[in-house]
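What follows is a single structure, written as C-alpha cells, with notes after it.
The values are calculated or read from the model by the stated rules, or taken from the named source; none is laboratory data. In this text the structure is predicted, and so the values were computed from the model without any measurement. When we count neighbours, we look across all protein chains shown, and the Cβ atoms used for this are built from the backbone with ideal geometry, even at glycine. The accessibility values were calculated without ligands, DNA or RNA, using every heavy atom of the protein model including side chains. Shrake-Rupley method; radii C 1.70, N 1.55, O 1.52, S 1.80 Å.
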Amino acid sequence: MKPRRVGMARGYEEMDGANVPRPPGPTGTVGGPSGGDTAASVAGNPSSVAAAGGTMLAGAAPEFELASVSVVPDDTYTVTQAVNALGFGWFQVKLSLCVGLCWMADSMEMTILSVLGPALHCDWGISRYQQALVTTVVFLGMMLSSTFWGHLSDRYGRKPALTLCGVLLFLYGLLSSVAPSFGWLLLLRGLVGFAIGCVPQSVTLYAEFLPTKQRAKCVVLLDCFWALGACFEVALALAVTPTLGWRWLLGLSAAPLFIFAIITPWLPESARYHVTSGQSDKALNTLEQIAKDNRRPMLLGRLVVEGPSGSRGSLKALLGSSLRRTTLLLWFIWMSCAFCYYGLVLMSTELFGGKNKTIIDGGMTADDGITIDCQPLATTDYMDLLWTTLAEFPGIFATIYVIEKFGRKKTMALQFLFYAGCVLMITVTEVRVFLTIILFMARGVIAGLFQAAYVYTPEVYPTALRSVGVGGCSALARLGAMATPYIAQVLFQSSIWSAVTVYGIFAACASVACMLLPYETRGADLAH
C-alpha cells in the first residue's frame, strides 16, 4: 500500500481510533493530542520545533527531532484497502457458512410455495385464484418490508436487522404449520414474507467483507446455498407431504431458521457501517479480528472514511441526477428477474402435476358448483422437480466464469435472451424428457442471472446508499413476483402459449435494460 503523506490525502477524513501507539509525552508537545497539525508544521519547518514543544532548544540533537515527527503516522488506509490487504481466509469462510444458512432458509420458504398451492387445492378445496393468492401474499410482505429493512440496517447495523429477521422467520414459519383456516394461513405467510424482506441485507454484509478479486465469485457461489435449500425442500416434500401432509412440511422447513436465529449473535457487524457511522474503534476491532482469523499482519496507520458519507439511507438520493438512470433500470431488471424466476418454478409444478389430474373423492365442489380438480404431485413429479432444481448448480458455475470474462451487463443481457428462448420452447413439445431438459436449462440460466444482479447492485451503489439501494431493488423484485402466480398458475391453465409469451416479452425487454446500464463494475472496488 502506498503511504499517503499527512496533509495530502484529499477527500479523506481522519477517524478516531488510529492503531499506531504514540509515545508518552507531556500535553502540548509534538506527541500530544494536537500532534497531527503540529507534525505537519514540523516536517515543513524544523526551526519551529521549539515553539511547538515548548521544551526543545535550538540546536537540539537531530535524533529527538526525528522521534518527535515519527509519532504521528503518515500512512492512511480505508476499509476497502484493509479488506483487500487481509485477503480471503478463515474469517470469510465462517461468514460464508452463516450467510449461506440464511440464504438456504430463504430458498426453502420460496420453494415450498410451489408445493403448498397444489396441496391446499386438494386439502381445503381452494380455487386457482386463492392458490395464487397464497404466493402473492408472501411477496407482498417482502415488498412492503424491503425498504424498511434497508433503513433499519443502515440506521442500526446489518447484524441487529438479521438477528431480528431470523427470529421472526422461525416464529411465523412455525405458526403457519398450525394455521386453523385459510385466512390465518394468508396472514401468517404474509408475515413470513415481511421477515424474508431482510435476507438481501445478508448479501450486503457478506459483500462488504470480501476482497475485490474474490467478491463476484463468492457472492455468486452464495447461490449454491440457495440451490441446496431448494433441492432440500423438494426432497423434504417428497418424504413428508404424501404421508404426513403439508403442515408437517411447513413445520420441518422452519428448522434452518431456528439454527440461523441461534448463530446470529456471532455474526460480525459491517466495518464499513461502523466507519460511516463514526464508530471507528469498533471498525478497527473487526478488522483486527479479520487479520487474526486470516493470519495476516494488521495494517499500520490511520483508518479513514472513504469520502464524504452523504445522505445515509435516503431513498430520494437513489433518484438523484447521478443515480436516477441506474436505479430505474435496476428496478425493472430485478422485477423482471423475479417475475421470470418464480414464474418458472410455479410453471414447473403445473406442467408436471397436470398429468395427474383427478376429481376429489366425496364430491367436493367449489362455491360456484363446479367440481374441484385435484392435482397431487406423484413421486415422478417430485423427482423431475428435483432434477430441474439441480440445474441451478451448473447455472451458478457458468455465471462465475462468464461474469468475469464478459462483465456484469453483457452476462445478464445474454442470460435474459437465453431464458426467453427456453420458455418459448415449452410450447413445442409434450414429451416429458424434452420438457424436463428445457426446464433444466431455463432454471439454470435464470438462477445464475438472479445472482449476477446481486453481484452488480451492491457494487454500483456507494456505501451510504448500498443497503437502501439493494432493499429498493428487492422491493421491486417482489412486485414482479406478486404478479407471476396469476400468469404461471391462472393464465397458464387456460392458455400455455399466452403465459410463456408474457415471460418471453419481459425477458427480452430486461435484456435491453441490462445493456442500457451506465456502469460496468467488473474489477472495480465497492463504490465510495
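Residue by residue through region 461-471, note down the ones that are under 12 Å from the mean Cα position of the chain (by Cα) and small (Gly, Ala, Ser). Answer for region 461-471, where residues must be under 12 Å from the mean Cα position of the chain (by Cα) and small (Gly, Ala, Ser): 467, 469, 471. Among the residues of region 226-249, are any on the phi > 0 side of the Ramachandran plot and either open to solvent by 10 Å² or more (accessible area, probe 1.4 Å) or touching a residue at least 40 places away in the same chain (Cβ under 8 Å) (or both)? There is at least one residue in region 226-249 that is on the phi > 0 side of the Ramachandran plot and either open to solvent by 10 Å² or more (accessible area, probe 1.4 Å) or touching a residue at least 40 places away in the same chain (Cβ under 8 Å) (or both).
Would you mind stating whether residue 202 is surrounded by fewer than 24 Cβ atoms within 10 Å (Cβ to Cβ) and among the small types (Gly, Ala, Ser)?
Working: surrounded by fewer than 24 Cβ atoms within 10 Å (Cβ to Cβ): no; among the small types (Gly, Ala, Ser): yes.
Judged against the criteria, residue 202 is not a match.
When you check residue 193 against the structure, is it open to solvent by less than 10 Å² (accessible area, probe 1.4 Å) and touching a Cys at 6+ places or on another chain (Cβ under 9 Å), yes or no? No, not satisfied.
As for region 129-146, it holds no residue that is modelled with pLDDT of 85 or more, more than 24 Å from residue 479 (Cβ to Cβ) and not hydrophobic (A, V, I, L, M, F, W, C).
Could you tell me whether region 191-203 includes any residue that is without any contact (Cβ under 8 Å) to a residue 40 or more places away in the chain and on the phi < 0 side of the Ramachandran plot?
Step one: list which residues in region 191-203 are without any contact (Cβ under 8 Å) to a residue 40 or more places away in the chain, which gives none.
Looking for residues that are without any contact (Cβ under 8 Å) to a residue 40 or more places away in the chain and on the phi < 0 side of the Ramachandran plot, one finds none in region 191-203, hence no.
Looking across 483, 453, one residue alone is farther than 19 Å from residue 111 by Cα, assigned to a helix (DSSP H, G or I) and either modelled with pLDDT of 85 or more or open to solvent by 30 Å² or more (accessible area, probe 1.4 Å) (or both). It is 453. You will find that of 476, 491, the residue that is free of Cβ contacts under 8 Å to residues at least 12 places away in the same chain, within 24 Å of residue 112 (Cβ to Cβ) and open to solvent by 10 Å² or more (accessible area, probe 1.4 Å) is 491 and no other.
Restricting the search to region 243-275, which residues are more than 14 Å from residue 164 (Cα to Cα) and of a type in the set (Ser, Thr, Tyr)? Result: 243, 253, 270, 273. Checking 264, 276 one by one, the residue that is touching a Ser or Thr at 6+ places or on another chain (Cβ under 6 Å), of a type in the set (S, T, N, Q) and open to solvent by 20 Å² or more (accessible area, probe 1.4 Å) is 276 and no other.
What about residue 418, is it out of contact with any Ser or Thr (no Cβ under 9 Å at 6 or more places or on another chain), closer than 30 Å to residue 208 by Cβ and assigned to a helix (DSSP H, G or I)? Against the criterion (out of contact with any Ser or Thr (no Cβ under 9 Å at 6 or more places or on another chain), closer than 30 Å to residue 208 by Cβ and assigned to a helix (DSSP H, G or I)), residue 418 does not qualify.
Residues that are over 19 Å from residue 346 (Cβ atoms) and open to solvent by 50 Å² or more (accessible area, probe 1.4 Å) occur at least once in region 498-514.
For residue 109, state whether it is at pLDDT 80 or above, assigned to a helix (DSSP H, G or I) and among the acidic types (Asp, Glu). Judged against the criteria, residue 109 is a match. Could you check residue 428 against (1) touching a helix residue (DSSP H, G or I) at 6+ places or on another chain (Cβ under 8 Å); (2) surrounded by fewer than 24 Cβ atoms within 10 Å (Cβ to Cβ); (3) within 24 Å of residue 505 (Cβ to Cβ) and say which number it fails? Failed condition: (1).
Only one entry in 441, 482 is assigned by the TED database to the domain that holds residue 397 and within 26 Å of residue 397 (Cβ to Cβ), namely 441. Identify, please: which residue in region 94-113 is of a type in the set (Gly, Ala, Ser) and open to solvent by less than 10 Å² (accessible area, probe 1.4 Å) and is, among those, nearest to the chain's Cα centre (by Cα)? Among them, the one singled out is 100.
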